[in-house]
Amino acid sequence: MPINDPIAEGLAAGWHHLDGSTMTEDVQLEADVVIIGSGAGGGTAADILSEAGLKVIVVEAGPLKSSSDFDMEERTAYPNLYQQAASMKTSDKAIGIFQGRAVGGSTTINWTTSIRTPEPTLEFWAAEKSVSGLSRNELDPWFEAMENKLSIREWALSPNANNDKLKQGCEQLGWEYTVIKRNVAACWNTGYCGMGCPVNAKQSMLVTTLPAMMTRGGTLLSRVKAVQIEHHKDRVFGIRAQALNEQLKPTGASVMLKGRHYILAGGAIHTPTLMMRSGVIDPYELLGKRTFLHPTLLSGALFDETISAHSGAPQSIYSDEFVWRDGAAGKPGYKLEVPPLHPVLLASKTIGYGRSHAELMEQFNQLQVTIALVRDGFHPKLEGGRLSVKADGSFSLDYPLTDTFWETARDAFASMAELQFAAGAQKVLPISEGMAMMGSWKQTRQAIADMSLAPLKTVVASAHVMGGCPLGEDRQLAMVDSHGRSHYLENLSVMDGSVFPSSLGANPQLTIYGMTARNATRLAGELLKTKSPA
Amino acid sequence: MKRRHFITGAFATTAALALGVSLYRPELEPVDAEDSHRALFAVLVPVLLDGALPRMSSPREAAINRTLDAISQTLTVLPQSQRDELELLLDGLENRLGVLVLTGSMTPLLLRSPEQLVVMLESWRDGFLEMQQQAYYGLRELIMASYYSCPEHWGTLHYSKPKI
């Protein structure tokens, strides 16, 4: 069955799209609002502002790829759609970080899990981080609006076997579990969301808000990287960018972007990095500090029956049994989910080599993997990482894996193994050096109690980068106010996951959608009040 | 010097022709740049992928060569900072002083037996020096990702992408 490519159709119909790789001369572009980043924040803001009648330019450092390019192979998807070809890591290499880098940002490659911001997180922000107006009651209408716009609904089909084992384990143990809401429409249930949806079922920014913005006359720049915020006193007067070639190296052509207002939405690594590189005023040295990752542990389990964890909706069940058990500021909790498995992902995120590794890979279709996402940024001894700008303008991220993290990791490994055995696993393997497949919960529990946990030796991954440019009303705690407006530059806003004052304890896309919808709507009203008639 | 078929490539090609099939059909773009670390990877790949590589010599060598091409391709898509770090490591493993620092022996890796290479990898894996640990994990991830990125290596996994 032929599959329409709405991006190809839109471009043919005359959308304003400029590809940096084709730029040979310097250009200057102007709009009411310049948005840096095209992910959950940038896409949502572009839609709302353009719908309000404002002229918008969206700037994305990655390429414009669409369903015609999504061939469901990791060797294509990772270089095309992920930051650093999916090999991005913290400076000590101990945490691998998955983040999108293409039009649509991480929404193009995420697993579609959509969760409203947990109430304990919002209460913590209000009580400890001077955030105002972001209670669940105040946010829920925005979540509802975005859920309607992006077809976010509870997954109605049966979970695939990978998720079903999570559900079965919870049922056996009496643990909480929830059916996940996903942003999909007419989903084919294939399981390749992480490589770009090949059938345009995922309602990512790529196929929803950005096309809407371009249909209204907005402009999209791809392969154009913002490098410098030009500012003086309390105003931004331009953002300087570089055109990039197909290898994402500068072509030599530069782009000057001018607007009445500027929105940074490049994500929790690139927004703070751009601001730091630009020397944005930061008297309390907040930028790039408290960068959160939901550092994630993995536990493999072998089942007699076929799991085929690559097939079917990647995430449809989660368990919050352990997220808030000791209160928001108490011992860090962890959320239980499952990842889809594909050959490169599994081969690189497991341990060992040679025959033992080959034997594990041969059991690919019997393998179930559970993950535990640790809630960072609440406990005083798990305060996240720190971004810094290197001499060449790129970034490095130091993320200390503290004793508090490892204590939580040990608990998480035990919970995952207990759950997997309860679901009927024959063997369980905590993914950490020194561990082997074990055949009973009793044996595994003891091995986990005795296991050595350490950076590099224990596999830790992240798919959720947050923080580094916090929101709130107290300037000693926040770079932007509770509506995302800069405390120091009157025509600058930040609308992405960098504004979170802690991690969420939940997958972030819906929080970014809801908060951005709220903040961009308010911004549109303010800009329209001062817009001169055309 | 270009060494696209470092390991008895001629033999693999001959065998394939004799069987009337092409065992080696690279789908990735050929890497034009001089591939100076191919020899080094050619001794590491069979050790790290022992058990995953085919046992029969012809398909085994085809798979090794395919993986070496995929490694070259993977290196081209890594960010410059990571390529620089890997280049530093690979250069170190190709000169005597670097090998001495990283492995405690001046014997070139190309002259070591698979068993000796396993001892080296295990010492890095279990070691306490961050430099050695990063070398182990960096090379392991690069080789594993490159091998399993190739659809022709998915046979033992019983994995295939759906037809849409």
**Asked** Are any of the pairs A:89/A:289; A:89/A:149; A:225/A:390 more than 26 Å apart by Cα-Cα distance, and if so, which?
**Response** A:89/A:149
**Debye-sum result for region A:401-482 in log10 I(q)/I(0), which assumes one identical scatterer on each alpha carbon, at q = 0.11, 0.26 Å⁻¹** = -0.44, -1.24
**Prompt:** What distance in nm separates the simple spin-label points at residue A:285 and residue A:4, each placed 7 Å from Cα in the Cβ direction?
**Reply:** 5.5 nm
**Message:** Can you tally the net charge around residue A:132? Count Lys and Arg as +1, Asp and Glu as -1, for every other residue whose Cβ sits under 12 Å from the Cβ of residue A:132.
**Reply:** -3
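Length gain on complete extension for the stretch residue A:91 to residue A:127, per 0.36 nm per residue less the alpha carbon to alpha carbon distance?
The span from residue A:91 to residue A:127 would gain 9.7 nm if fully extended.
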**Fill in**
Per residue, accessible area of chain A with a 1.4 Å probe, heavy atoms of protein chains only, in Å², comes to 34 Å²
**Complete:** region A:142-220: relative contact order from alpha carbon pairs under 8 Å, six or more residues apart, as a whole percent, is 30 percent
**Message:** Given an 8 Å cut-off on Cα distances and at least 6 residues of separation, report the relative contact order of chain A as a percent.
**Reply:** 23 percent
**Request:** Excluding residue A:266 itself, calculate the net charge of residues whose Cβ lies under 13 Å from the Cβ of residue A:266, where each Lys or Arg counts +1 and each Asp or Glu counts -1.
**Result:** +1
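Are there chymotrypsin sites (Phe, Trp or Tyr not before Pro) in region A:3-93 that DSSP puts in a loop and that have at most 15 other Cβ atoms within 10 Å, and which ones?
Taking region A:3-93 and a limit of 15 other Cβ atoms within 10 Å, no loop chymotrypsin sites (Phe, Trp or Tyr not before Pro) are found.
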**Solvent-accessible surface (1.4 angstrom probe) belonging to residue B:96, in square angstrom, nearest 10** = 140 Å²
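Cα gyration tensor of region A:326-420, axes a ≥ b ≥ c as square roots of the eigenvalues: rounded (a/c below 1.5), prolate (a/b > b/c) or oblate? Each step should come with its number before you reach the end.
Numbers: a/c = 2.64, a/b = 1.30, b/c = 2.02.
Oblate.
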**Shape of region A:87-182, Cα gyration tensor, a/c cut at 1.5** = rounded
**Request:** Just order B:75-87, A:377-389, B:128-140 by mean Cβ neighbour count inside 10 Å, highest at the front, would you?
**Result:** A:377-389, B:128-140, B:75-87
**Prompt:** Label 7 Å along Cα→Cβ of residue B:123; region B:85-101 residues with amide nitrogen under 17 Å?
**Reply:** B:92-101
**Prompt:** So what is the calculated 222 nm ellipticity per residue for chain A, using -39500 (n - 2.57) for each DSSP H run with n of 4 or more, over all residues, to the nearest 500 deg cm²/dmol?
**Reply:** -8500 deg cm²/dmol
**Prompt:** Which net charge results for the neighbourhood of residue B:79, defined as the other residues with beta-carbon distances under 14 angstrom from its beta-carbon, given Lys and Arg at +1 and Asp and Glu at -1?
**Reply:** +3
**Prompt:** Across the residues of B:145-152, average count of Cβ atoms on other protein chains within 10 Å?
**Reply:** 6
**Asked** Once you average over the residues of A:63-75, how many Cβ atoms of partner chains fall within 10 Å of each Cβ?
**Response** 2
**Asked** Per 20 Å bin, what is the whole-percent P(r) computed from every C-alpha pair distance within the protein assembly as shown?
**Response** 18, 52, 28, 2
**Prompt:** For residue A:452 and residue B:158, what is the calculated FRET efficiency with R₀ set at 60 Å and r taken between the beta-carbons, to the nearest 0.05?
**Reply:** 0.95
**Request:** Would you tell me the mean number of C-beta atoms belonging to other protein chains that fall within 10 Å of each C-beta in B:106-118, as a whole number?
**Result:** 0
**Item:** Rounded accessible area of residue A:483 (nearest 10 Å², 1.4 Å probe)
**Value:** 40 Å²
**Message:** What does the C-alpha gyration tensor say about the overall shape of region A:199-319? Classify as rounded when a/c is under 1.5, otherwise prolate if a/b is larger than b/c, or oblate.
**Reply:** prolate
**Fill in**
Reported to the nearest 10 Å², residue A:188 has, with a 1.4 Å probe, an accessible area equal to 100 Å²
**Accessible area, probe 1.4 Å, largest first, for residues A:140, A:304** = A:304, A:140
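The values are calculated or read from the model by the stated rules, or taken from the named source; none is laboratory data. On a predicted model such as this, the values are computed, not experimentally measured, just so you know. We place every Cβ from the backbone using ideal geometry, glycine too, and count neighbours over all the protein chains shown. Ligands, DNA and RNA are stripped out before the accessible areas are found, and what is left, the full protein with its side chains, is counted by its heavy atoms. Shrake-Rupley method; radii C 1.70, N 1.55, O 1.52, S 1.80 Å.
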